[in-house]
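In what follows, a single structure is set out as structure tokens and then discussed.
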Amino acid sequence: MLSVAVIGSVNIDIVARVSRLPVPGETVTGATLSRFPGGKGANQALAAKRLGADVRLIACVGDDASADEALELLREGGVNLSQCRRVGDATTGTALIAVAPSGENHIVVAPGANRAVTPEATQAIQADALICQLEVPVPVIVQAAQSYSGFFCINLAPAAEIDVTVLQRADLVVVNETEADWYGRSLDACRGVVATTRGSGVATIERNGEIIAEATPPTVDVVDTTGAGDTFTAALVIALVEQQAPEEALRFACAAGAVATTNMGAQPSLPDREQVLAYL
Ligand code: RIB
């Protein structure tokens, strides 16, 4: 079985369904409130597990009630949490999310314990693939990129300054179109491939600035887009490490990301492999 390590965030998502997203300075009332386990690292770990990989999550949570709630679906799903550390003087990461009827969202994250992940946590990782995002401190990612020798994926979300050595080391960089604009030409430093998602539009994989694969996500009834990019990332890593051709791998990842939008909440809506294949 393919093995995947994920270094990343664990959050509790506090989600308000609103009739429309507020503009700055505006109050929108009438929302309904829910809580879901989330965090880009945790979502990607559970997505990879549901798609059939053996998964380990390297992360930090607070020593509070939200920690158990945030880890519940990972535990139930069989993600290895032996390197998930409780931090005494921090709260579990929290994301405040507003979701519109179109499925679009606004997300504000209070990282809390995610800030306590240290570069030491990245030592001696043994897995076929390592996935990182930018909700843990950048020095952790820099160290992971240096010390890990397998298939290395960096999902540059949320957009933040990143050391060029990380881009140079990456076998796969994943960005959405907003992040792609934010990073601009700096993504050219990637010596592997760059995958760009564009919501329901055409996703691409580029190598050396040349498009080598394109795919359009299947049409679905979108309820909540939270976690779609995380699902796409995990699925694309698995498909590429399985040696699927870029076009086939991208179609698989697009289908996985699309299925993840059909229910509320990031983790409750992560698909298993059969659900994804049904859309292909
Ligand atoms: O990518 C979606 C995730 O971003 C949410 O689950 C939220 O926790 C934020 O980290």
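Quick notes on this one:
- Residue check for Ala180: surrounded by 24 or more Cβ atoms within 10 Å (Cβ to Cβ) and closer than 28 Å to Leu21 by Cβ: no
Yes or no, residue by residue, for (1) surrounded by 16 or more Cβ atoms within 10 Å (Cβ to Cβ); (2) β-branched (Val, Ile, Thr); (3) touching a residue at least 24 places away in the same chain (Cβ under 8 Å):
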position	(1), (2), (3)
Ala70	yes, no, yes
Gly88	no, no, yes
Ala95	yes, no, yes
Ala116	yes, no, yes
Glu120	no, no, no
Ala124	no, no, no
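- Residue within segment 49-63 that is touching a Pro at 6+ places or on another chain (Cβ under 8 Å) and within 12 Å of the ligand (Cβ to nearest atom) present: no
- Whichever residue in segment 213-236 is β-branched (Val, Ile, Thr) and over 19 Å from the mean Cα position of the chain (by Cα) and, among such residues, is nearest to Cys132 (Cα to Cα): Thr216
- Filtered residue count, segment 73-99, keeping only those that are farther than 16 Å from Thr226 by Cβ, small (Gly, Ala, Ser) and part of a strand (DSSP E or B): 0
- Subset of segment 58-67 (residues that are over 18 Å from the mean Cα position of the chain (by Cα) and outside any helix (DSSP H, G or I)): Gly62, Asp63, Asp64
- Lone unmet requirement of (1) of a type outside the set (A, V, I, L, M); (2) more than 15 Å from the ligand (Cβ to nearest atom); (3) under 30 Å from Cys153 (Cβ atoms) for Pro22: (3)
- Any hit, segment 100-109, residues being part of a loop (DSSP other than H, G, I, E, B), free of Cβ contacts under 8 Å to residues at least 40 places away in the same chain and more than 16 Å from the ligand (Cβ to nearest atom): no
- Members of segment 141-152 that are among the β-branched types (Val, Ile, Thr) and surrounded by 21 or more Cβ atoms within 10 Å (Cβ to Cβ): Ile141
- Only one entry in Gly77, Gly30 is in contact with a helix residue (DSSP H, G or I) (Cβ under 8 Å, 6 or more places away or on another chain) and away from the ligand (no atom under 12 Å from the Cβ), namely Gly77.
- Of Val79, Val55, Val108, all but one fail to be surrounded by fewer than 16 Cβ atoms within 10 Å (Cβ to Cβ), within 18 Å of the chain's Cα centre (by Cα) and either aliphatic (A, V, I, L, M) or within 15 Å of Ala266 (Cβ to Cβ) (or both); the exception is Val108.
Conditions (1) touching a residue at least 24 places away in the same chain (Cβ under 8 Å); (2) aliphatic (A, V, I, L, M); (3) within 12 Å of the ligand (Cβ to nearest atom), marked per residue:
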| site | (1), (2), (3) |
| --- | --- |
| Asn208 | no, no, no |
| Ile211 | no, yes, no |
| Val223 | yes, yes, no |
| Thr231 | yes, no, yes |
| Ala249 | yes, yes, no |
| Ala255 | yes, yes, no |
| Ala260 | yes, yes, yes |
| Gly265 | yes, no, yes |
| Leu280 | yes, yes, no |
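- From the options Ala47, Ala5, Ala16, Ala70, residue that is out of contact with any His (no Cβ under 9 Å at 6 or more places or on another chain), under 20 Å from Gly265 (Cα atoms) and not in a helix (DSSP H, G or I): Ala16
- Val194 vs. criteria more than 30 Å from Leu277 (Cβ to Cβ), of a type in the set (Val, Ile, Thr) and modelled with pLDDT of 95 or more: no
The values are calculated or read from the model by the stated rules, or taken from the named source; none is laboratory data. Note that the coordinates shown come from a computational prediction; the quantities given were computed from them, not determined experimentally. Glycine gets a Cβ as well: all are built from the backbone with ideal geometry, and neighbour counts include every protein chain shown.
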